[in-house]
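Each remark here refers to the structure printed beneath this line.
The values are calculated or read from the model by the stated rules, or taken from the named source; none is laboratory data. All figures in this text were calculated on a predicted structure; none of them were measured in a lab. So basically every Cβ, Gly included, is an ideal-geometry build from the backbone, and we count neighbours across all protein chains shown. Ligands, DNA and RNA are stripped out before the accessible areas are found, and what is left, the full protein with its side chains, is counted by its heavy atoms. Shrake-Rupley method; radii C 1.70, N 1.55, O 1.52, S 1.80 Å.
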Amino acid sequence: MNKNIMEYETVDLDDNDSSVVIIDQTKLPGTTEIIKLYTAQEIWDAIYLLKVRGAPAIGVAAAFGIYVLSKGIMKELQQAKDDCGKMDVLSFEEFYEKFKEQKEFLNSSRPTAVNLSWALNRMEAVCVKAGREEGKSVEEVVEILHQESIAIKEEDTWVCKTIGEFGLSLVKPGDGILTHCNAGQLATSKYGTATAPIYLGQERGYNFHVFADETRPLLQGARLTAYELHSSGVDVTLICDNMSAMVMKNGWVNAVFVGCDRVAANGDAANKIGTSVVAAVAKRYGVPFYVCAPTSTIDYNTPTGADIKIEQRPAAEVTEMWYRERMAPEGIKVFNPAFDVTDNELITAIVTEYGIARAPFKESLEEIRKKKEAVKE
Ligand code: MRU
């Protein structure tokens with residue numbers, strides 16, 4: 001019998017053959033293909049081409065990726081030493097030089113989702129602490145990187161579930177919920193962020209009615225969110241992006257939940273292109289607009305949305321991808337930003353795993369940071 005899409009791991013590690021294991025999301029929902037990534041180029045391509053996508057999932061893939069590559073670096077250094085007949089221990093500094101090169105390479109695959117650099121920086125921090133500050137051997141450092149990558153994935157499940165609990169407190173049984181893009185299980189380790197309240201509500205008999213925006217141009221809403229929710233038995237209706245005003249005006253939506261790729265310190269939030277249109281429409285019709293954000297997505301070093309780098313993607317995604325034949329004139333100019341920034345005044349609240357932040361966001365997000373630090377101590 002076919003396995004339900006919800007039973008697959010979005011991102012996994014196969015330590016036996018040193019690979020990052022993902023579902024190729026470009027083939028969903030038609031084909032469920034599990035692929036293995038071994039090299040830096042394969043991991044980079046998988047992230048850039050959106051085979052693995054969604055801010056938290058990209059972070060997990062990068063963490064497993066840099067661990068797998070670290071194992072490779074260690075083997076390479078060992079081999080070089082053996083070839084010269086040297087007996088001395090591997091040099092941490094030599095290892096770290098190569099680690100940094102691979103880290104920077106992976107980090108260049110997509111610019112907007114801060115979880116990518118967040119996960120890679122976290123991996124680098126444990127690497128430096130163990131190898132340079134504590135004088136551990138390269139073999140021990142690599143094992144510490146292994147444990148850290150697993151922790152990043154495991155924490156993501158807790159983070160999403162906790163966001164789900166907070167999100168659920170904002171809605172009531174029978175509510176209509178609209179979401180944009182895919183901030184679902186396929187974008188995380190489990191539950192998703194924007195979908196976490198929906199899945200928890202589903203387990204508890206809330207009977208939500210969900211509207212999933214199809215999300216042009218890459219159709220993450222149609223291909224992934226509608227697929228996930230439908231496979232889980234959630235009552236979901238797919239709409240084109242230009243229909244959200246009508247469903248809100250009709251009074252069918254009680255809350256909007258979206259994910260995000262980077263939240264600036266002032267609460268401006270970058271998410272999939274079209275999110276800010278949904279926020280403006282929600283404001284017009286008095287529908288609360290909630291951004292679900294793991295704290296790993298909050299970038300306190302980016303003051304406002306204007307400082308967030310927005311990824312530009314190939315024109316073909318707009319002109320021909322998904323069509324049987326090209327749908328736009330040859331030579332037409334195309335603007336294809338992958339994300340837009342929702343101004344903080346359009347956001348009702350930002351739901352994190354450490355609580356719900358409301359305006360003024362600079363202060364409330366600072367409170368969230370303090371709560372997180374207090375728990376870590
Ligand atoms: O280009 P994508 O598919 O990676 O964009 C994904 C989104 O915009 C998600 O909403 C965001 O990453 C949050 S995922 C929990």
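Applying the criterion of being hydroxyl-bearing (Ser, Thr, Tyr) and surrounded by 15 or more Cβ atoms within 10 Å (Cβ to Cβ) to the residues of the stretch 294-311, the residue that is farthest from ILE152 (Cα to Cα) is THR304. Restricting the stretch 101-146 to residues that are aliphatic (A, V, I, L, M) and more than 22 Å from SER18 (Cβ to Cβ), the residue that is surrounded by the fewest Cβ atoms within 10 Å (Cβ to Cβ) is ALA125. Considering GLN79, GLN41, the condition of being within 30 Å of GLU317 (Cβ to Cβ) and either within 16 Å of the ligand (Cβ to nearest atom) or free of Cβ contacts under 8 Å to residues at least 60 places away in the same chain (or both) is satisfied by GLN41 alone. Evaluating VAL291 against the criteria (1) in contact (Cβ under 8 Å) with a residue 24 or more places away in the chain; (2) of a type outside the set (Lys, Arg); (3) surrounded by fewer than 24 Cβ atoms within 10 Å (Cβ to Cβ); (4) closer than 28 Å to TYR48 by Cβ leaves one unmet condition, (3).
Considering only residues in the stretch 316-348 that are within 16 Å of the ligand (Cβ to nearest atom) and of a type in the set (Gly, Ala, Ser), the one that is least open to solvent (accessible area, probe 1.4 Å) turns out to be ALA338. Residue count for the stretch 93-123, restricted to those that are more than 16 Å from the ligand (Cβ to nearest atom) and either in a loop (DSSP other than H, G, I, E, B) or farther than 17 Å from GLU139 by Cβ (or both): 10.
The residues of the stretch 162-176 that are within 15 Å of the ligand (Cβ to nearest atom) and open to solvent by less than 10 Å² (accessible area, probe 1.4 Å), listed by number, are ILE163, GLY164, GLY167.
Of the helices (runs of 4 or more DSSP H) entirely within the stretch 124-240, those holding at least 1 residues that are at pLDDT 95 or above and in the same structural domain as THR31 (by TED's automatic domain parsing) occupy 138-168. Checking each residue in the stretch 283-325 for being of a type in the set (Ser, Thr, Tyr) and outside any strand (DSSP E or B) picks out TYR285, THR295, SER296, THR297, TYR300, THR302, THR304, THR319, TYR323.
Quick check: anything in the stretch 79-93 closer than 20 Å to ILE152 by Cα and either open to solvent by less than 10 Å² (accessible area, probe 1.4 Å) or small (Gly, Ala, Ser) (or both)? Looking for residues that are closer than 20 Å to ILE152 by Cα and either open to solvent by less than 10 Å² (accessible area, probe 1.4 Å) or small (Gly, Ala, Ser) (or both), one finds none in the stretch 79-93, hence no.
Of everything in the stretch 194-226 that is near the ligand (Cβ under 10 Å from one of its atoms) and free of Cβ contacts under 8 Å to residues at least 60 places away in the same chain, the residue that is farthest from THR10 (Cα to Cα) is THR215. One residue alone among ALA328, ALA280, ALA359 is in contact (Cβ under 8 Å) with a residue 40 or more places away in the chain, in the same structural domain as ALA245 (by TED's automatic domain parsing) and in a loop (DSSP other than H, G, I, E, B), and that residue is ALA359.
The set of residues from the stretch 7-31 being surrounded by 15 or more Cβ atoms within 10 Å (Cβ to Cβ) and closer than 22 Å to ALA226 by Cβ comprises TYR8, GLU9, THR10, VAL11, ILE22, ILE23, ASP24, GLN25, THR26, LEU28, PRO29.
Quick check on the stretch 227-257: of everything there that is in contact with an Asp or Glu (Cβ under 7 Å, 6 or more places away or on another chain) and among the polar types (S, T, N, Q), which residue is surrounded by the fewest Cβ atoms within 10 Å (Cβ to Cβ)?
ASN254
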